[in-house]
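Bear in mind these aren't lab numbers, they're just calculated from the coordinates by the rules spelled out. If you're wondering where the values come from, they're calculated on a predicted model, not measured in any experiment. FYI the Cβ positions are ideal-geometry reconstructions off the backbone, even for glycines, and counts take in every protein chain you see.
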Amino acid sequence: MGRARSIRTAVVHAGRGDLRELGLHAPPIDRSSTYPLSDLRRATADLEAMAQGEHPTESPVYGRLHNPTVARFEQGVAELEGAEDAVAFGSGMAAITATLLAAGASEGHVAALRPLYGGTDHLLSSGLLGSRVTWTTPEKVSVDVGPDTALVLVETPSNPLLDLVDIAALVADAGDVPVLVDNTFATPILQQPLRHGAAWALHSATKFLGGHGDVLAGVVACDAERAAALRRVRVATGALLDPDAAALLHRSLPTLALRVQAAQEGATDLAARLAAHPAVTWVRHPSRPGADPQGLMGRQQAGPGAVLAFEVDGGHDAAAAVMAAVRLITPAVSLGATDTLIEHPAGLTHRVVAAEALTESGVTPGTLRLSVGIEDPADLWEDLAAALDAATQRR
Ligand SMILES: *Cc1c(COP(=O)(O)O)cnc(C)c1O
């Protein structure tokens, strides 16, 4: 066997395997909501296949059941995650909901590790899906899972404080219970959870996969059997990704490796500068000394990533003043775009998380989260340093 291709090459060609045969260079966009049927018997057979979560052999029949543009993007993500298949949804939350439903979590048990994305935490704690939830830790997971546990849910690096969890160790401790890893922060460029035994690698594709702040989507990479279960849920609940969104996402894949590389270099640089600033009490980024006590960098995650968190001395008001003072950096929720975004987890993304849980995970009123883009870090630092100085002087 030849050497494995670099991820930088893989992103460029992912999901494009059928284009040459079609006589195309760019993936085509199919916006059909319905399809002319040439043969009733074959259409019925295709409907039956899709009801089982399989791809149609001739016609998608109806737009909610299958879309070729979406399928091509899914194929690309599957290749990058080292998965048999992937299934795409209209948002990250739709993807998480479908995975919980497909795993049988509704009316069943879920073991989840905090901190999680605020929306995921809320979905689980609200009881909306009827799941019984145990908030667990890597130390306790082996005793917190039982015969009725549908899945273990984890984010690594976590949102918003960038804690790292050993996926392989978690999978071992979960025993027969499948593990869902939200891989949004790492992207398949830095981490491929299935290679460490996870059953599903999930993305809010709204973030780094889309990468330009102009599309909402979610995608789950997994084995063929789990993908079929996800498609059955997607057909039933109507959560298929829009084909135009899929085309934007597929267009973004070729630059994913370059974007993540440039952004994490910027984040590493800014994390060091922030740590030395007198108005900053702490900085959380996997590049910082002591941030990776388990030695996961290299073994599980190829780089520290592009998101960091820090605490401004002076609490909520100082954090608000920094957000108000930045000019080049945009005060906004979300992350993973080409431009740098700053937000306040306690007041915005993690507002729906129970106050004790937020405090316990280390999110303080002065905590800010920075999603570093691909700008020159020197320009970003000029903006951030000026904002920190303005915020500090105000007090
Ligand atoms: C944004 C985000 C989600 C939710 O995705 P949407 O596309 O906003 O629905 C889930 N997990 C993580 C880690 C996220 O950052």
Q.
Starting from a Cα-only point model with no solvent, please compute log10 I(q)/I(0) by Debye for the chain at q = 0.06, 0.14, 0.15 1/Å.
A. -0.24, -1.22, -1.36
Q: Answer with one residue from Phe310, Cys222, Ala10: the one whose Cα lies farthest towards the positive end of the charge dipole of the chain, charges on Cβ with Lys, Arg +1 and Asp, Glu -1.
A: Ala10
Q: Report, as a whole number in µm² per second, the diffusion coefficient that Stokes-Einstein gives for the stretch 1-158 at 20 °C and 1.002 mPa s using the Kirkwood radius over alpha carbon pairs.
A: 115
Q) Along the charge dipole of the stretch 79-161, Cβ charges K/R +1 and D/E -1, which of Thr99, His122, Pro157 sits furthest on the positive end? A) His122
Q: Evaluate E = 1/(1 + (r/R0)^6) for Ala236 and Arg299, where r is the Cβ-Cβ distance and R0 equals 41 Å; express this FRET efficiency to the nearest 0.05.
A: 0.55
Q: Can you pull the one-decimal nm distance between simple spin-label points at Asp244 and Ala386, each 7 Å off the Cα toward Cβ?
A: 3.6
(Q) In Å, what Kirkwood hydrodynamic radius results for the stretch 116-175 from the alpha-carbon pair distances? (A) 12.4
Q.
Once you place label points 7 Å from the Cα toward the Cβ at Tyr62 and Gln393, how far apart are they in nm?
A. 6.4
Q. Any idea how far the Cα center of the stretch 45-96 sits from the one of the stretch 336-395, in Å?
A. 36
**Q.** the stretch 227-381 pair-distance distribution - Cα-Cα, 10 Å bins, rounded %
**A.** 10, 32, 32, 20, 6, 0
Q | Helix-only mean residue ellipticity at 222 nm for the chain, each DSSP H run of n ≥ 4 adding -39500 (n - 2.57), per residue, nearest 500 | A | -11000 deg cm²/dmol
Q) Which order do peptides 89-98, 164-173, 301-310 fall in by mean Cβ count within 10 Å, highest first? A) 301-310, 89-98, 164-173
Q. Label point 7 Å out from Thr359 along Cα-to-Cβ: which residues of the stretch 288-317 have amide N under 18 Å?
A. 314-317
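So how much slack lies between Arg42 and Asp317, counting 0.36 nm per residue of separation and subtracting their Cα-Cα distance, in nm? The partial results should precede the final answer.
Numbers: separation 275, 0.36 × 275 = 99.00 nm, distance 6.42 nm.
Full extension of this stretch gives 92.6 nm more.
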(Q) Between the stretch 257-286 and the stretch 128-202, what is the separation of their alpha carbon centroids in Å? (A) 26
Q) Leu348 to Ser142: FRET efficiency via 1/(1 + (r/R0)^6), r the Cβ-Cβ distance, R0 30 Å, to the nearest 0.05? A) 0.30
Q. Taking one equal scatterer on every alpha-carbon of the stretch 212-268, how large is log10 of I(q)/I(0) by Debye at q = 0.15, 0.16, 0.23 1/Å?
A. -0.63, -0.69, -0.99
Q: Can you give me the P(r) profile for the stretch 109-208? Cα pairs, bins 10 angstrom wide beginning at 0, each as a whole percent.
A: 17, 52, 29, 2
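Take peptides 199-209, 220-230 and line them up by average Cβ neighbours within 10 Å, highest first, as a rough protection proxy.
199-209, 220-230
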Q: Rank-order 21-33, 174-186, 374-386 by packing density, defined as the average count of other C-beta atoms within 10 Å over each peptide's residues, highest first.
A: 174-186, 374-386, 21-33
Q: Could you work out how far apart the two model spin labels at Thr281 and Glu21 are, taking each label as a point 7 Å from the Cα in the direction of the beta carbon, and quote it in nm?
A: 5.9
Q: Give, rounded to the nearest 20 debye, the magnitude of the charge dipole that the chain has about its Cα centre when Lys and Arg contribute +1 at Cβ and Asp and Glu contribute -1 at Cβ.
A: 380
